[in-house]
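Data first, discussion second: the structure below is written as structure tokens.
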Amino acid sequence: MEAAKLSDLLQSEDEKRLYEAGRLEELKTALRKRRCSLMEELHESQRKVDRIDTIIYKTEKEMKERNKNDYQRRT
């Protein structure tokens with residue numbers, strides 16, 4: 001498989017224009033800003049997953065406690 005050209009890897013039209021114009025320093029800055037934004041989105045998604053994991057854990061814990069209490073009432 002042939003290595004992709006840098007111009008083929010760029011995702012936005014603005015990035016492509018900067019590359020084609022030879023404005024590589026500006027391109028690098030734009031890419032770093034986009035990367036930072038994507039990392040923030042990733043971290044926010046991880047926080048959401050963590051909250052869901054906590055809810056699942058607490059729900060399972062409560063279910064076990066209810067089952068235990070139901071069993072004790074029946075005996």
- Within the bounds of the stretch 10-31, is there any residue that is assigned to a helix (DSSP H, G or I), polar (S, T, N, Q), within 22 Å of the chain's Cα centre (by Cα) and surrounded by 10 or more Cβ atoms within 10 Å (Cβ to Cβ)? yes
- Would you mind telling me which numbered condition in (1) surrounded by fewer than 10 Cβ atoms within 10 Å (Cβ to Cβ); (2) within 12 Å of the chain's Cα centre (by Cα); (3) not hydroxyl-bearing (Ser, Thr, Tyr) MET39 fails? (1)
- Message: Condition check: among the acidic types (Asp, Glu), at pLDDT 95 or above and part of a helix (DSSP H, G or I). Does GLU40 satisfy that?
- Response: yes
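The values are calculated or read from the model by the stated rules, or taken from the named source; none is laboratory data. All values reported here derive from a predicted model rather than from experimental measurement. Using ideal geometry, Cβ is built from the backbone for each residue, glycine included, and neighbour counts are taken over all protein chains shown.
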